[in-house]
Amino acid sequence: MDPERLDHFMARANAAYYAARDPFADFTTAPEISQIFGELLGAWAAVVWAQIGRPDPVLLIEAGPGRGTLMADALRTLARVAPDFASALRLHLIETSPRLRAEQARRLPGAAWHARLEDVPPGPAILLANEFLDALPIRQFVHAAGAWRERHVAGHSFVALPSPLEAGNLHEGAVYEIGEAARDWTAALAARLIRQGGAALILDYGYAQPQFQDTLQALRGGRPVSPLVEPGTADLTAHVDFAALAQAARTEGAHVWGPAGQGDFLRALGLRTRVEALARQHPARAADLAAGAERLASPAQMGTLFKALAVTSFPDAPAGF
Ligand code: SAH
């Protein structure tokens, strides 16, 4: 078999993986750690809705909703603190996995599903995406003997084939990653927001400046495995290049905020106040609530590696930035 470019391999492997497996057996995401994550993101969306003039109806879109936990937590809070927004919003979910769609349908009755952002109907929109872009395919270039070679997959090993990329002045073994899919997706999102109004909040793990490191990783059963295991048996991810996303959105004329560390972002939205209020209501859960918040926000855990980036059609700062 001919060597397959890494991004093509990764797209194929993840499509098979998300279609057939329960990803949550392999990794835990922020909304699965604490209900406060979805609650604060719901509050963020309500503030944005006011910033765009309270359109009714308005689309609330989530890309890659997983089990639907984030959105269920957000909607429960909105019904209580922002009933006008709760009744104006129309829920649209971008999800390719039939299995996860079924799980989302149980928690989010009344939603509409789409395979791609382009399929979501027009209108002012607020979009949330947590740990979505890290699953999109990347290309990798390896710097060796003064030239860049592009990583391909041949059977169960990597091969590096000649590439026309300019060599530059980098150390031997440097790895340059390009997330074309994430970049193009963000550009399309920004173009939509500029045309129709709205804002997006992207949260993921990644870097604010190029690292020249290999960030491709594979998880199976919660453990790191080789990315070259049988396609579809492990979750393949890469760190998100936030500078590239910001650039892509700005090129479309959108306003970009952050990236901010997830810890700073959640604290600015009132993480501590929410932990204290919930702990007063449920004293038996106080320690769990504090531990969950700590995991999301502390620099040693998810507080700095994970970042938040907002894209808006309007020039004012959205909440948290
Ligand atoms: N946001 C959720 C789930 C993250 S896992 C959480 O925080 O828990 C990634 C999600 O994106 C899954 O729902 C997966 O099925 C979906 N997904 C992955 N690749 C996709 C693609 N190319 N198009 C649409 N959805 C995708």
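List of remarks:
- Residue within region 298-317 that is part of a helix (DSSP H, G or I), touching a residue at least 24 places away in the same chain (Cβ under 8 Å), touching a helix residue (DSSP H, G or I) at 6+ places or on another chain (Cβ under 7 Å) and surrounded by 15 or more Cβ atoms within 10 Å (Cβ to Cβ) present: no
- Residue pairs meeting the criteria (Cβ under 8 Å; at least 6 apart or on separate chains; first over 17 Å from Thr96 (Cβ atoms), in region 10-39; second part of a helix (DSSP H, G or I) and among the basic types (Lys, Arg)): Ile33/Arg295; Ser34/Arg295; Ile36/Arg274; Glu39/Arg76; Glu39/Arg274
Yes or no, residue by residue, for (1) charged (D, E, K, R); (2) touching a helix residue (DSSP H, G or I) at 6+ places or on another chain (Cβ under 8 Å):
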| site | (1), (2) |
| --- | --- |
| Ala79 | no, yes |
| Ser87 | no, no |
| Leu91 | no, yes |
| Glu95 | yes, yes |
| Arg106 | yes, no |
| Leu117 | no, yes |
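- Qualifying residue in region 179-201 (condition: among the polar types (S, T, N, Q) and touching a helix residue (DSSP H, G or I) at 6+ places or on another chain (Cβ under 8 Å)): yes
- The number of residues in region 218-258 that are touching a helix residue (DSSP H, G or I) at 6+ places or on another chain (Cβ under 6 Å), in a strand (DSSP E or B) and closer than 26 Å to Ala191 by Cβ comes to 3.
For (1) open to solvent by 20 Å² or more (accessible area, probe 1.4 Å); (2) over 24 Å from Phe85 (Cα atoms), each residue gets a yes or a no:
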{"position": "Val120", "(1), (2)": "no, no"}
{"position": "Ile138", "(1), (2)": "no, yes"}
{"position": "Ala144", "(1), (2)": "yes, yes"}
{"position": "Ala154", "(1), (2)": "yes, yes"}
{"position": "Val159", "(1), (2)": "yes, yes"}
{"position": "Glu166", "(1), (2)": "yes, yes"}
{"position": "Ile178", "(1), (2)": "yes, yes"}
{"position": "Thr186", "(1), (2)": "no, yes"}
{"position": "Gly198", "(1), (2)": "no, no"}
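- Test result for Thr215, in a loop (DSSP other than H, G, I, E, B) and either free of Cβ contacts under 8 Å to residues at least 24 places away in the same chain or not aromatic (Phe, Trp, Tyr) (or both): yes
- Selection of region 98-118 for residues being open to solvent by 70 Å² or more (accessible area, probe 1.4 Å) and either within 9 Å of the ligand (Cβ to nearest atom) or in contact with a Phe, Trp or Tyr (Cβ under 9 Å, 6 or more places away or on another chain) (or both) yields Arg99, Arg101, Arg116.
- One residue alone among Asp235, Asp204 is closer than 21 Å to Phe306 by Cβ, charged (D, E, K, R) and at pLDDT below 95, and that residue is Asp235.
- Contacts under 7 angstrom Cβ, first residue in region 265-280 being without any contact (Cβ under 8 Å) to a residue 24 or more places away in the chain, partner open to solvent by 70 Å² or more (accessible area, probe 1.4 Å) and among the acidic types (Asp, Glu), 6 or more apart: none
- Matching entry among Asp56, Asp73 (being modelled with pLDDT of 95 or more and more than 16 Å from the ligand (Cβ to nearest atom)): Asp56
- Only one of the listed residues (Glu131, Glu62, Glu95) is within 11 Å of the ligand (Cβ to nearest atom), in contact with a strand residue (DSSP E or B) (Cβ under 8 Å, 6 or more places away or on another chain) and at positive phi. That residue is Glu131.
- Subset tally (residues that are assigned to a helix (DSSP H, G or I), within 12 Å of the ligand (Cβ to nearest atom) and surrounded by fewer than 17 Cβ atoms within 10 Å (Cβ to Cβ)) for region 1-24: 6
- Of the residues making up region 49-63, those that are outside any strand (DSSP E or B) and surrounded by fewer than 22 Cβ atoms within 10 Å (Cβ to Cβ) are Ala50, Gln51, Ile52, Gly53, Arg54, Pro55, Asp56, Pro57.
The values are calculated or read from the model by the stated rules, or taken from the named source; none is laboratory data. On a predicted model such as this, the values are computed, not experimentally measured, just so you know. Positions of Cβ are backbone-derived with ideal geometry, glycine not excepted, and every protein chain shown enters the neighbour counts. The accessibility values were calculated without ligands, DNA or RNA, using every heavy atom of the protein model including side chains. Shrake-Rupley method; radii C 1.70, N 1.55, O 1.52, S 1.80 Å.
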